[in-house]
Amino acid sequence: MRPVYGPQRPVSIDVERGVSPLISPLFGVDADRLAAAIRERDHRALVGWGGVDGLSKRLHTDGCAGLCTRSDNSTALWDASRREHFGENRFRYPAPKPFWRLCWEAWNDLILMVLTAAAVLSLVLGFSLPSEREQYGYLEGCAILAVVVFIVVLQASIHAQKERRFRSLSAVRDAYAVTVVRDGQPLAVPADQLLVGDVVKVSAGERVPADGVLLHGCDVRCDESAMTGESEEMPKTPLSEGTFGNTDQSSPASDAFLLSGTVVTGGVGYVLVLAVGARSQWGQILSTLITAPEDTALQVRLDRLARHIGYVGLVFAGLVLIVLLLRWIVSSARSGHWDGIQVLNMVVAALAILVVAIPEGLPLAVTLSLAFAMRQMMKDHNLVRRLEACEIMGSATQLNVDKTGTMTANRMTVMEAYLAGASLESSSSSSSSEAVSAAYRERLAVSVAVNSQAELHWRADGVVEYLGNRTECALLQWLQQRFGADYRALREQHVAGTVHGFDSTRKCMSSVERVEEREHHPKICRVYCKGAPEVLLSQCVSEMEAASGTVRPLSAASRDVYRQAVATYGERGWRTLLLAYREVPADADGWTAAALETQLTVLAVVGIEDPLRPETAAAVQLLRQAGVTVRMVTGDHVDTARRIARESGLLEGVAAEGEAAAVMEGAALRQLPPSELLQVVNRLRVVARATPQDKLLLVQAQRQLGEVVAVTGDGTNDAPALKAADVGFGMGICGTEVAKEASDIIILDDRLSSMAAAVLWGRNVYDSVRKFLQFQLSVNVVAVALDFVGACAGEAQLPLSAVPLLWVNMIMDSLGALALATEPPRPELMHRRPFGRYAPLVNRAMWRNVIGVSAYQLAVSLVLLFAGVALFDIPCSGRSDVASDAPCSGQALQRNGIIFNVFVFMQWFAEVNSRRVEERDVFSRLHRSPIFVAVLAFTAAMQVVLVEGVGRTAVGQSIGIVPLNWVQWLASVALGALVLPVGWAVRWWPLRWTPGRNDYQESTEERPLVEDIYRVPKSERHFVKASAGHIRPRPPRPFEAYAALSSPSVQRLRRLRVFVHATVALQRMQRASRGRSARSPQQEKAAAARYRARRRMRSRLWALIGVLRLERSVSYRAVTVTDEVEEIVERHSGSHGKHV
């Protein structure tokens, strides 16, 4: 039964003592005892507390009117006492790992541990040996330790940032709105504001916000797989209707408990909250378990790339160490003095090269980019639940969206209603409604009020707030405005016993009312039904005349009039609904929905306007120019869908004769064979009267064609399509909790423009990572190559020693990642088509830029290495900090200081050059990147302080840093600034002359690895070489429709089919050629002939397989190859079929 709304009965409270004189103590039940009863599903405890009435008295609430929230002292006291006694509905997650633990895990890296050991050894020797201590030999160890600490703290910060981001997503996920009854009025409140004693309304598709017991409801079923692991739906019996005191507690049929974290899969009911927060079952699970954030696909690819780069760096570091060791051995053998400190310095230098070669900034760049994008997307009303969706959305090619609430405003208004013999418009006077008979008015009003689960809430400012389904809310508001009927009073008088909710297959909803207590029909129930007119009209056999209230048979002419009204409303872009009823025997509560929804009597056909959002047309145009195909999938009438599609621009560019192929109904879509579905699926722009199964079918077909698919969903049945798509968008306003849980991104405002913003941010994430990768590769290539050449050239001091290398790694990697990963998106990203599913991380344009800029930087560095002393006229001098045998060691130190400064400023300007990958204007929108400008300024300032501040001290000279004069500073900045014109000139180099793969070139990653399924034996390889040229392509046969398709995925499927057929045939021949029993000479001769035939056939099959392997992109259709195989098998089977 429904709750009776009205004033709550008063509760006597002693304000001074804070205790009710009627019940002592303040609450007549303990919070832990309630939680234990829920955990054990102890129904007998509920009965022992007095059932519904007893629990309500103990909790000082009302099972129908809910809690009292009057603004007086007594209510405030009860509210504070209730929170203190039972707690708040806030979940307590496990404490995150302490920062020192993250630092320890980050330090447990082999390279960092070896580098730390070398630094510690350098410190020990520097302090213990007097000669080293006098020469400040310990300073290098201190500097290396400082860099190691920085790297460890950086890695720990990355993991801490990921943990904080994951917890913020969990907190936002827990903050959703629920419908509660307080003071007899339905309200929408956040779930974390629920209190024990609240009465919560739950319906299909919603998540249970707290543990409670079902007070009253109809056909309530829950999915408790998240709690119990059982996938079957659990039926719930209201506490007021069950006989729990005499039934088995473990019986599912006698279960009245609803657990937090579970999902209501059917029915509607009202739940009395008994446990919240940490005392609830879901809260107890969360207090001990939290899922760690997983790396996204882009992070995995970057980690793999970083490992490969690290392997290259390891090779070069090893080569440098070998060269230095060989030189040291030769030098020590000649002088007879074996200095072990030099070996330690060599190891440190090699490790520094390895540290620089490993791009630690890549994980930081993608983490910062994702965190920045997620935070900014939240401002654009995109709540990212799965970080991988940020990346994938940038490559989306297909977007299947709902109409209601996404393209339209979801603000329903009943514009017109066609009654039997009358038409009511929303703008007409009340006199038209007075012409309707009282009997008809009552029947129509009861049908609208009873067959609905929505609520209307009038706020203090006079605005009507919709709670529940927007279509039902529009009908309730129309009922009140046109007929002056109070739907709540009607619900109190007419109680629905059984409710069959809306189903996308039935396209309707029905409720059953018992009428024997009020009317003189003791064995009659009345079924009220509303739904799609084209579905229900075929089930109607009569109509109720509006003027007289009499029921008459539905003639063919009247049926055509209703159809004409539906078509007229659809052409106006209105949603259409048919209202009907019927009378059935009293045992109809047990009937199925299909049995109830027949032999109906028509009441009315209503047209409901849902206006197009003002920004929808612009969003469709923006997505179209971005290469994303927008497709509307709706359950509305085809004429309504077509009108909305025209207004929004979905059918722009579609000719009038082609509009029929672009608009299709779900029933016709389901009847298409798979081959035809693949042909038409991408040409569709509108799918009307679609079911969630149709949406799933669309997603699967598009993914089969290799498309990157995004889809929206708001209903419980949309969950499979949301899961099957690459990116699932859940609706934050009108979406059910099931749809939100299945989605990857929740659109908080349900707007299509927010999805366009998600596409923009997804492309910006990928673009930011590529920009930093381009910058990082040039730094690594030049630094490693320069030291390698210096070591091979016999330089006594490497051009970039350990501390300068680590400084570059610390400043350029970390700050460069911060600068390039936090740039805001630019509108030009929406002017190119999407990359697709397997775009390379490093494309041809990036390789061109890296090679060109690195070649310039390396050339400048090598010139300075071999001619820098002459160019800058550096005098020969010794080092003041080191007692060196070389008379010109100070000259080399000054030269290396210039190389270091020039190198840093070349990277400084290369960072600016990396702001664009293909565009030549690298200064575009620089003023809109404040973080980037700030990082550039900070990097330049730190370099000046390091060179001129630290370089003038003994510390600086001991670690390879010296001050420069104004000429050397000017040369450093000028040589660094030349990176910009070089980068501009390099971008004119044709991409076709550059190695690598284009963004839109098909990747080998997406091809099935059929080459590894069946290897060619060595004995058969000559057949492939000898017979590959014998296969002559001929025109493809047109008997198969899908043969004309040219998509890469279909071609791959054809090649795989040919490959499998060939391998199966070879296996059959191998089985046929096994040894047999003794045969006569004639049989042996025939067997030899068959063996030669099989050998010829096997050679041709291996030739086919060789063609498929050697030529991945077959110049002719694979159907030709299929025909070749079929002819060979048929010819062989015809002559030797019994042996194959």
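Residue 619 - would you say it is open to solvent by less than 10 Å² (accessible area, probe 1.4 Å), of a type in the set (A, V, I, L, M, F, W, C), outside any loop (DSSP other than H, G, I, E, B) and within 30 Å of residue 444 (Cα to Cα)? In short, no. The residues of the stretch 98-115 that are at pLDDT 80 or above and either over 25 Å from residue 353 (Cα atoms) or touching a helix residue (DSSP H, G or I) at 6+ places or on another chain (Cβ under 6 Å) (or both), listed by number, are 98, 99, 100, 101, 102, 103, 107. Within the stretch 675-693, the residues that satisfy the criterion of being of a type outside the set (Lys, Arg) and more than 26 Å from residue 503 (Cα to Cα) are 675, 676, 678, 679, 680, 682. Check the stretch 562-578 and report whether any residue there is of a type in the set (A, V, I, L, M, F, W, C) and over 44 Å from the mean Cα position of the chain (by Cα). Looking for residues that are of a type in the set (A, V, I, L, M, F, W, C) and over 44 Å from the mean Cα position of the chain (by Cα), one finds none in the stretch 562-578, hence no. Filtering the stretch 996-1008 for residues that are outside any loop (DSSP other than H, G, I, E, B) and modelled with pLDDT of 90 or more leaves an empty set. Of the residues making up the stretch 955-968, those that are assigned to a helix (DSSP H, G or I) and open to solvent by less than 40 Å² (accessible area, probe 1.4 Å) are 956, 958, 968. Of the strands (runs of 3 or more DSSP E) entirely within the stretch 518-610, those holding at least 1 residues that are under 19 Å from residue 497 (Cα atoms) and charged (D, E, K, R) occupy 524-531, 574-585. Every residue in the stretch 282-305 that is open to solvent by 60 Å² or more (accessible area, probe 1.4 Å), at pLDDT 75 or above and either touching a His at 6+ places or on another chain (Cβ under 8 Å) or closer than 23 Å to residue 366 by Cα (or both), please. Across the stretch 282-305, the qualifying residues are 300, 304. Pairing residues of the stretch 544-557 that are among the hydroxyl-bearing types (Ser, Thr, Tyr) with residues that are open to solvent by less than 60 Å² (accessible area, probe 1.4 Å) and assigned to a strand (DSSP E or B), at Cβ distances under 9 Å and at least 6 apart in sequence or on separate chains, gives 550/544; 555/543.
Could you tell me whether the stretch 258-270 includes any residue that is over 24 Å from residue 371 (Cα atoms) and modelled with pLDDT under 75? No, that holds for no residue.
Conditions tested, residue by residue: (1) hydroxyl-bearing (Ser, Thr, Tyr); (2) under 25 Å from residue 583 (Cβ atoms); (3) out of contact with any Lys or Arg (no Cβ under 7 Å at 6 or more places or on another chain).
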| residue | (1), (2), (3) |
| --- | --- |
| 449 | no, yes, no |
| 486 | no, yes, yes |
| 492 | no, yes, yes |
| 499 | no, yes, yes |
| 504 | yes, no, yes |
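Please verify whether the stretch 966-985 includes one or more residues that are in contact with a Leu (Cβ under 7 Å, 6 or more places away or on another chain) and farther than 16 Å from residue 903 by Cβ. Looking through the stretch 966-985, none of the residues is in contact with a Leu (Cβ under 7 Å, 6 or more places away or on another chain) and farther than 16 Å from residue 903 by Cβ.
Mind listing just one residue for me: the one in the stretch 728-741 that is among the hydrophobic types (A, V, I, L, M, F, W, C) and either assigned to a loop (DSSP other than H, G, I, E, B) or open to solvent by 10 Å² or more (accessible area, probe 1.4 Å) (or both) and, of those, nearest to residue 703 (Cα to Cα)?
That would be 738.
If only residues of the stretch 379-405 that are within 21 Å of residue 769 (Cα to Cα), out of contact with any strand residue (DSSP E or B) (no Cβ under 8 Å at 6 or more places or on another chain) and at pLDDT 85 or above are counted, the one that is surrounded by the fewest Cβ atoms within 10 Å (Cβ to Cβ) is 395. Picking from residues in the stretch 81-95 that are of a type outside the set (Gly, Ala, Ser) and modelled with pLDDT under 75, the one that is farthest from residue 273 (Cα to Cα) is 94.
Among the residues of the stretch 167-186, those that are open to solvent by 10 Å² or more (accessible area, probe 1.4 Å) and at pLDDT 85 or above comprise 178, 179, 182. The residues of the stretch 489-503 that are open to solvent by less than 40 Å² (accessible area, probe 1.4 Å) and free of Cβ contacts under 8 Å to residues at least 60 places away in the same chain, listed by number, are 489, 490, 494. Residue 506 satisfies every condition listed in (1) in contact (Cβ under 8 Å) with a residue 60 or more places away in the chain; (2) in a loop (DSSP other than H, G, I, E, B); (3) within 24 Å of residue 180 (Cα to Cα); (4) charged (D, E, K, R) except (3).
What residue, among those in the stretch 807-821 that are within 14 Å of residue 942 (Cβ to Cβ) and among the aliphatic types (A, V, I, L, M), is most open to solvent (accessible area, probe 1.4 Å)? For the stretch 807-821, the residue satisfying everything is 818.
Checking each residue in the stretch 656-709 for being without any contact (Cβ under 8 Å) to a residue 24 or more places away in the chain, aliphatic (A, V, I, L, M) and not in a loop (DSSP other than H, G, I, E, B) picks out 660, 661, 667, 668, 680.
Listed here are the residues, each with its yes/no results for (1) open to solvent by 10 Å² or more (accessible area, probe 1.4 Å); (2) out of contact with any Ser or Thr (no Cβ under 9 Å at 6 or more places or on another chain).
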| position | (1), (2) |
| --- | --- |
| 577 | yes, no |
| 591 | yes, no |
| 595 | yes, yes |
| 599 | yes, no |
| 610 | no, no |
| 641 | no, no |
| 654 | yes, yes |
| 660 | yes, yes |
| 683 | yes, yes |
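Every residue, every condition in (1) surrounded by fewer than 24 Cβ atoms within 10 Å (Cβ to Cβ); (2) assigned to a helix (DSSP H, G or I); (3) on the phi > 0 side of the Ramachandran plot, yes or no:
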| position | (1), (2), (3) |
| --- | --- |
| 757 | yes, yes, no |
| 773 | no, yes, no |
| 776 | no, yes, no |
| 788 | yes, yes, no |
| 799 | no, no, no |
| 804 | no, yes, no |
| 823 | yes, no, no |
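Filter the stretch 440-454 down to the residues that are open to solvent by 10 Å² or more (accessible area, probe 1.4 Å), assigned to a helix (DSSP H, G or I) and in contact with a strand residue (DSSP E or B) (Cβ under 6 Å, 6 or more places away or on another chain) and list them by number. Residues satisfying the conditions do not exist here.
The values are calculated or read from the model by the stated rules, or taken from the named source; none is laboratory data. Here the structure is a predicted model, which is why all the values come from computation and not from measurement. Neighbour counts are summed over all protein chains in view; Cβ atoms, including those assigned to glycine, are modelled from backbone coordinates with ideal geometry. For accessibility, only protein heavy atoms count, side chains too; no ligands or nucleic acids. Shrake-Rupley method; radii C 1.70, N 1.55, O 1.52, S 1.80 Å.
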